[in-house]
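The values are calculated or read from the model by the stated rules, or taken from the named source; none is laboratory data. Every value quoted in this text rests on a predicted model; they were computed, and no experiment measured them. Every residue, glycine among them, receives a Cβ derived from its backbone with ideal geometry; neighbour counts consider all protein chains shown. These accessible areas exclude ligands, DNA and RNA; they are computed on the full protein's heavy atoms, side chains included. Shrake-Rupley method; radii C 1.70, N 1.55, O 1.52, S 1.80 Å.
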Amino acid sequence: MTWTSPEQNPDAGPVGGPAARFAASALAGGGRTGTAAFHAWLADCRARFRTRTELRPLDRLDRWTVDPETGDITHDSGRFFTVRGLDIQVPGAAVERWSQPIISQPEIGILGILVKEFDGVLHCLLQAKAEPGNINGVQLSPTVQATRSNYTGVHRGKAVSYLEYFRNSARHRVLADVRQSEQGAWFHRKRNRNMVVEVTGPVDVLDGFCWLTLGQLHQLLLIDDLVNMDTRTVLSCLPVTGPWAADSYPPDGAAGSGFRHALIRSLDTEAPAVHPTDGILSWITGERTRQELLVREIPLRSVRSWHRVDGRISHEDGLFFDIVGVGVEAVGREVGHWDQPMLAPRGTGLVALLVREIDGVLHALMHAKVEPGHLDVLELAPTVQCTPQTYDHLPRQARPRFLDEVLGAAAQHVRFTAVHSEEGGRFLHARTRYMIVETGSEVPLQQPPEFRWLTLHQLGALLRHSYYLNMQARSIVACLHSLAGGHPPGGGVLPPLESDCPEGYAP
């Protein structure tokens, strides 16, 4: 690969295609908002935008009702979401049948990032948003992060800022627009519209918003609990792959070799892949046909092995998650106070992606994973996606493949690690360690039917369509993209944030 500057190759520079323009933004460590200014801005937002979350019994939540017959938990508007039961059968799996509570939210929200060029470099407009489930209050969210109930005013709060750019996007350049799923183990068929919209005219920067380059966001992904889940999923949908994509990045000192070189080549659609893209699509369709998933909604009172104790719903083994009630007082939100149920996970999750250089191109080992909340049986997940402590109580054959390899990985093989929060609007203190682990021939090319090696450009092609990569896969892909710019870990942008746990919650 020979790197060419924008002057040498117009297609490789900011005036070229989207992949080249986002590459220029990824290579920009600084931008319109400098390091010191960002630090001060975030500290100010954390001081002014806060939520106070206290536990409350599920049957005492204002405007929420526990149905006396079914036990389902619903809002009196009939909107937002419902907590109900799900009966699941997966014939042939290590655990073939179970039932559980699940969040049902059929409406489709908008997750949108506004981008604009400053001094020839694309910047993303991010919001400092405090959510009741965040472990530290404010995190960086997309420009717009809103459910349909919110942006249609069911919450009776203030209007959603910048919403018009995404609802009336025809006047602007749409760089990404695709419906994507959310956690298939916790949500039943929930989807959001993931959008990236470019504007050229002036944009008023409202209180709590900030312009950042992609390079700055990549550095911030290395900091625990800062870049929220909704930002990560939209970042994964950015059009950063394509022909000549590799030419937009300067080589490392030892050009033509090394992890970063293989990663950059993997962005290029001209790079070779172990499996052709048509073969990958056929494999996914085949797995959706081969693996059987039977899902049936049932009354929440009918879920087996789950009990209502002390105003919450918990599994009898103390595993998985609880359904709890909370009262929220908020400053800097569209609404100042409300009650709601939340899903509170037991333990910190683990999402790990094994990557390997194959013929000079980085490949990621993806898992076609069945989850009850998916619309079409399964979506591609990272190599490992689990809460490790759960498997101490399940049959040995249920232990995720490659979990032990990830837990035992040598430090020099771990290319990325950070603990990120999951969605803070529905989940209470849901945290996951995200890891990218480089491997070699010890993990062979030939894998069981539910695993395949994919390049980054193949993942990018799938991300232009709905329901191919699950939420956890999209988060780890965003983290993997962050390594292309070659910024030093942490980037000197911001020291780790101290936890600011909401009062009144005990796991």
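Structural remarks
- Restricting 445, 459 to residues that are touching a residue at least 60 places away in the same chain (Cβ under 8 Å) and more than 20 Å from the chain's Cα centre (by Cα) narrows the list to 445.
- Conditions (1) of a type in the set (Gly, Ala, Ser); (2) at pLDDT 95 or above; (3) closer than 25 Å to residue 227 by Cα; number of the one not met by residue 99: (3)
- In the set (1) touching a Pro at 6+ places or on another chain (Cβ under 9 Å); (2) at pLDDT 95 or above, residue 65 fails one condition alone, (1).
- Residue that is assigned to a loop (DSSP other than H, G, I, E, B) and either in contact (Cβ under 8 Å) with a residue 12 or more places away in the chain or within 30 Å of residue 54 (Cα to Cα) (or both), where the choices are 185, 128: 185
- Set 315, 307, 261: member being open to solvent by less than 50 Å² (accessible area, probe 1.4 Å), closer than 23 Å to residue 186 by Cβ and not hydroxyl-bearing (Ser, Thr, Tyr): 315
- Among the residues of the stretch 48-73, those that are free of Cβ contacts under 8 Å to residues at least 60 places away in the same chain and touching an Asp or Glu at 6+ places or on another chain (Cβ under 7 Å) comprise 65, 66.
- Positions within the stretch 83-117 being open to solvent by less than 20 Å² (accessible area, probe 1.4 Å), assigned to a strand (DSSP E or B) and among the polar types (S, T, N, Q), in sequence order: 99, 100, 104
- Of all residues making up the stretch 427-446, the number that are out of contact with any helix residue (DSSP H, G or I) (no Cβ under 7 Å at 6 or more places or on another chain) and open to solvent by 30 Å² or more (accessible area, probe 1.4 Å): 8
- Those residues of the stretch 32-47 which are in contact (Cβ under 8 Å) with a residue 60 or more places away in the chain, open to solvent by less than 40 Å² (accessible area, probe 1.4 Å) and either under 18 Å from residue 332 (Cα atoms) or in a loop (DSSP other than H, G, I, E, B) (or both), in sequence order: 33, 42, 45
- Apart from one condition, residue 97 fits all of (1) out of contact with any strand residue (DSSP E or B) (no Cβ under 6 Å at 6 or more places or on another chain); (2) without any contact (Cβ under 8 Å) to a residue 24 or more places away in the chain; the exception is (1).
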